[in-house]
Amino acid sequence: MSVTHHRRFGVLAGAALLTIAVAGCSELGRTAVGTISYETPSARHVKVSNPPVKGCHSLGSVGATTVTNNTLVDIILHPSRDCSGDDTTYLPTETSDTIAPHAQPWRSYSLVH
């Protein structure tokens, strides 16, 4: 095999390995850097660090009355446990929100990605 063939083989092998590595890394779960803090109806404070970007996340069994988003990603608050329904609240990064008096607590959140 000539030097030219060795180089071509090396370039092709390197490209194949890079493709495999990138595909493998895309399966790793990205996280939102920072914390999401919330208060329950009984005034218990909870802090979640670096939540995964994908999926629906619970706000505990009783939900949350106040949520603070100190991550680098905006979130959507949901009144349902499974992030379904239309009555949502958009909470940008570095902001807080509190439910209206007599409103049901938020039960879950999802991250905007």
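The values are calculated or read from the model by the stated rules, or taken from the named source; none is laboratory data. Being a predicted model, the structure only gives us computed values, none of them experimental. Cβ sites come from the backbone with ideal geometry, for glycine too, and all protein chains shown count toward neighbours.
Of all residues in the range 53-88, how many are β-branched (Val, Ile, Thr), exposed (fewer than 15 other Cβ atoms within 10 Å of the Cβ) and closer than 20 Å to Gly34 by Cα? Qualifying residue count, the range 53-88: 0. Examine the range 93-108 for a residue that is loosely packed, with under 13 Cβ neighbours inside 10 Å, touching a residue at least 40 places away in the same chain (Cβ under 8 Å) and within 13 Å of Pro51 (Cα to Cα), and state whether such a residue exists. Within the range 93-108, not a single residue is loosely packed, with under 13 Cβ neighbours inside 10 Å, touching a residue at least 40 places away in the same chain (Cβ under 8 Å) and within 13 Å of Pro51 (Cα to Cα).
Per-residue answers, yes or no, for (1) touching a Gly at 6+ places or on another chain (Cβ under 9 Å); (2) under 17 Å from Ser108 (Cα atoms); (3) modelled with pLDDT of 95 or more:
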| position | (1), (2), (3) |
| --- | --- |
| Ala23 | no, no, no |
| Leu28 | no, no, no |
| Cys56 | no, yes, yes |
| Ala64 | no, yes, yes |
| Asp74 | no, yes, yes |
| His78 | yes, yes, yes |
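Figure legend. Inter-residue proximity from the range 70-82: first residues basic (Lys, Arg), second residues surrounded by 15 or more Cβ atoms within 10 Å (Cβ to Cβ), beta-carbon distance below 7 Å, spacing 6+ or different chains. Indicated pairs: Arg81/Arg107; Arg81/Ser108.
Considering only residues in the range 26-43 that are in a loop (DSSP other than H, G, I, E, B) and among the β-branched types (Val, Ile, Thr), the one that is surrounded by the most Cβ atoms within 10 Å (Cβ to Cβ) turns out to be Thr40.
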